[in-house]
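The values are calculated or read from the model by the stated rules, or taken from the named source; none is laboratory data. No experiment lies behind these values; they were computed from the predicted model shown. Using ideal geometry, Cβ is built from the backbone for each residue, glycine included, and neighbour counts are taken over all protein chains shown. The area values use the complete protein model at the heavy-atom level, side chains included, leaving out ligands, DNA and RNA. Shrake-Rupley method; radii C 1.70, N 1.55, O 1.52, S 1.80 Å.
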Amino acid sequence: MSAQMSIASPEEPHSVPTLSAVAKLAGVSSITVSRVVRLPDLVAPETRGRVEAAMRELGYVPNQLAVGLARARTRSIGVLVPTIANSIFADTVQGLSDELEPRGYAVILAQSRYDAAREDHMLSALLSRRPEAIIMVGSPATEDGARLLRRAGIPVAETWDLPAAPIDAVAGFNNYEAGVAVARHLAGQGRKSLAFIGGDDPRATRRWNGFNDTAQELGIKAPRRLVLDRNATGSVVALAELPGIDAVFAANDAHAIGFMSGLRTAGLLRNGPAADQPVAVIGLGDLEMGRLIAPTLSTVRVNGDAIGRTAAKLILTREGPRHIDLGFELVLRDSG
């Protein structure tokens, strides 16, 4: 006799806890429980505490989809970042989450992986879930993506850049000026043969443009640019492609740390001050690892947490400026 495989069902059915059961346990009306779910600030703290305790005891989970449909709100925010493979954007996601979650919003996170077609797809996927706003690192890579956001009719915050014509709101810094600052510093050190390593996304390209333009304005020969894969491993072997250089600006700290590993293998890294380094290295992002290695990594510090918090506030209110430059800081340590 043959047996047919099937998904096992529970031996005893369990009833799903209801709103009325929560009301009975908490000693309040169903309307009060509904208010705690939808408008908690309107309920007295002591009463709200009893209701929340009853929810926990019964394992009651409010149907936020039904609540959202009834109020035409989903209490969700779509967040699109290039990658979560390294922590350069982690502070931004943490900052915006710290602002939004206490206000009852859920963050839906998606990655573009620096791919324009994937970015458009992920924007469409996020918007299909009817978020109340979109926060993204950078600006839409294509006009199709920008059109999607404009037609959505919801608040949009672009971050980590300062686009001249944003869709709605901006919280970021000037990537071009970051490149300018690094080139001026390296020229002041007397470095003569410069290079830029990293990706070729729009923000990295603006850093390169500022770096390249300024170096040439200061009479240094045109820097070289080496476009690498989106991880640190390619940076380790990048030195072979850049003979004779004496300074590198990396598009982010991960690339800078990888390149320093290659310098160490080649015997071109000193455990001493910047002036003693045969090849100066400056990154961007101020990752914790850069502060722990020897020599410590010089970097362009970007306040990712502040960017995230500011972006969250921009989508929560229409008041005040919509274009906020949070700046950057050139942090000089032993690597350059």
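Observations on the structure shown:
- When Asn212 is tested against (1) closer than 23 Å to Ala90 by Cα; (2) at pLDDT 95 or above; (3) of a type in the set (S, T, N, Q), just one condition goes unmet, and that condition is (1).
- If you go through segment 25-44 and pick out every residue that is basic (Lys, Arg) and more than 32 Å from the chain's Cα centre (by Cα), you end up with 1.
- Of the residues making up segment 304-317, those that are out of contact with any helix residue (DSSP H, G or I) (no Cβ under 7 Å at 6 or more places or on another chain) and either crowded, with 21+ Cβ neighbours inside 10 Å or in contact (Cβ under 8 Å) with a residue 40 or more places away in the chain (or both) are Thr310, Leu314, Ile315, Leu316.
- Some residue of segment 139-147 being farther than 29 Å from Asp229 by Cβ, out of contact with any strand residue (DSSP E or B) (no Cβ under 8 Å at 6 or more places or on another chain) and of a type in the set (D, E, K, R): yes
- Top-ranked residue in segment 72-99 [being more than 16 Å from Glu119 (Cα to Cα) and touching a Phe, Trp or Tyr at 6+ places or on another chain (Cβ under 6 Å); ranked as most open to solvent (accessible area, probe 1.4 Å)]: Arg75
- Subset of segment 138-155 [touching a helix residue (DSSP H, G or I) at 6+ places or on another chain (Cβ under 6 Å) and either among the hydrophobic types (A, V, I, L, M, F, W, C) or in a helix (DSSP H, G or I) (or both)]: Ala141, Asp144, Gly145, Leu148, Ala152
- For segment 100-129, a residue qualifies if it is closer than 17 Å to Leu314 by Cα and surrounded by fewer than 18 Cβ atoms within 10 Å (Cβ to Cβ), and the qualifying residues are Glu101, Pro102, Arg103, Gly104, Ala106, Val107.
- Wholly within segment 207-300, helices (runs of 4 or more DSSP H) carrying at least 1 residues that are crowded, with 23+ Cβ neighbours inside 10 Å, of a type in the set (A, V, I, L, M) and in contact with a strand residue (DSSP E or B) (Cβ under 7 Å, 6 or more places away or on another chain): 253-265
- The set of residues from segment 254-272 being among the hydrophobic types (A, V, I, L, M, F, W, C) and more than 21 Å from Ile88 (Cα to Cα) comprises Leu263, Ala266, Leu268, Leu269.
- Selection count, segment 110-133, where residues are farther than 24 Å from Leu100 by Cα, in a helix (DSSP H, G or I) and not aliphatic (A, V, I, L, M): 3
- Taking first residues from segment 177-206 that are open to solvent by 40 Å² or more (accessible area, probe 1.4 Å) and of a type in the set (Asp, Glu) and partners that are at pLDDT 95 or above and in a helix (DSSP H, G or I), the Cβ contacts under 8 Å between residues at least 6 apart in sequence or on separate chains come to Glu177/Gly210.
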